[in-house]
């Protein structure tokens, strides 16, 4: 997934994180990344299908989400249009929501031996 292959340092802070984390915020909606224009990357989640769009929406990676519990889920790559992206169909990312605050969701993601954190910004309706 592009989001996983192009992780950069993010400075979005969680001054007053929710206690406990509002993990269900990830289950539906449109998400952006801090400091990324929507044309570079955005993601939608609906009915346990996550679609990441990049290249001004011309390319995408679609994954099915399998929730282990409210705060832990797996993303299994089903389709992709960008042949050069290192993510492969069938790749499984294990994700854990570690913090939420307002419309921010911090996710810790793992694939094989790689681990990283991503902060999503949920677009308010």
*asked:* Given the criteria in a strand (DSSP E or B) and either closer than 19 Å to residue 103 by Cβ or without any contact (Cβ under 8 Å) to a residue 12 or more places away in the chain (or both), does residue 44 qualify?
replied: yes
*asked:* Can you pull out every residue in the stretch 83-98 that is surrounded by 14 or more Cβ atoms within 10 Å (Cβ to Cβ) and in contact with a helix residue (DSSP H, G or I) (Cβ under 8 Å, 6 or more places away or on another chain)?
replied: 85, 87, 93, 97
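In the stretch 60-73, how many are part of a strand (DSSP E or B) and surrounded by fewer than 16 Cβ atoms within 10 Å (Cβ to Cβ)?
So the first thing to find is which residues in the stretch 60-73 are part of a strand (DSSP E or B), and the list is 60-69, 72-73.
With surrounded by fewer than 16 Cβ atoms within 10 Å (Cβ to Cβ) added as a condition, the list becomes 64, 66-69, 72.
Residues flagged as part of a strand (DSSP E or B) and surrounded by fewer than 16 Cβ atoms within 10 Å (Cβ to Cβ) within the stretch 60-73 amount to 6.
For residue 76, are the conditions met, namely being in contact with a helix residue (DSSP H, G or I) (Cβ under 9 Å, 6 or more places away or on another chain), in a strand (DSSP E or B), surrounded by 13 or more Cβ atoms within 10 Å (Cβ to Cβ) and at pLDDT 95 or above? Break it down stepwise before answering.
On the way: in contact with a helix residue (DSSP H, G or I) (Cβ under 9 Å, 6 or more places away or on another chain): no; in a strand (DSSP E or B): yes; surrounded by 13 or more Cβ atoms within 10 Å (Cβ to Cβ): yes; at pLDDT 95 or above: yes.
No: the conditions fail for residue 76.
For the stretch 88-109, how many residues meet the condition of being part of a strand (DSSP E or B) and within 21 Å of residue 17 (Cβ to Cβ)?
Start the filter on the stretch 88-109 by keeping residues that are part of a strand (DSSP E or B), which leaves 92-101, 104-109.
Retained after the next criterion (residues that are within 21 Å of residue 17 (Cβ to Cβ)): 95-101, 104-109.
Matching residues across the stretch 88-109 total 13.
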*Can you tell me which residues in the stretch 102-114 are under 22 Å from residue 14 (Cβ atoms) and surrounded by fewer than 18 Cβ atoms within 10 Å (Cβ to Cβ)?*
102, 103, 108, 110
*What are the pairs, 6+ residues apart or on separate chains, where a residue within the stretch 10-27 that is more than 10 Å from residue 101 (Cα to Cα) has its Cβ under 9 Å from a residue that is at pLDDT below 90 and part of a loop (DSSP other than H, G, I, E, B)?*
10/34; 10/35; 11/34; 11/35; 12/34; 12/35
*Test each condition in (1) surrounded by fewer than 19 Cβ atoms within 10 Å (Cβ to Cβ); (2) over 12 Å from the mean Cα position of the chain (by Cα); (3) farther than 14 Å from residue 91 by Cα; (4) modelled with pLDDT of 95 or more for residue 55 and report the one that comes out false.*
(4)
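Return yes when residue 125 is surrounded by fewer than 13 Cβ atoms within 10 Å (Cβ to Cβ), in a loop (DSSP other than H, G, I, E, B) and touching a residue at least 60 places away in the same chain (Cβ under 8 Å) and no when it is not. Show your work before the answer.
Values: surrounded by fewer than 13 Cβ atoms within 10 Å (Cβ to Cβ): yes; in a loop (DSSP other than H, G, I, E, B): yes; touching a residue at least 60 places away in the same chain (Cβ under 8 Å): yes.
Answer is yes for this residue.
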_All positions within the stretch 33-47 that are surrounded by 14 or more Cβ atoms within 10 Å (Cβ to Cβ) and within 20 Å of residue 94 (Cα to Cα)_ = 33, 42, 43, 44, 45
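The values are calculated or read from the model by the stated rules, or taken from the named source; none is laboratory data. All of these numbers come straight from a predicted model, not from anything done at the bench. Reconstructed Cβ throughout: ideal geometry from the backbone, glycine too, with neighbour counts over all protein chains shown.
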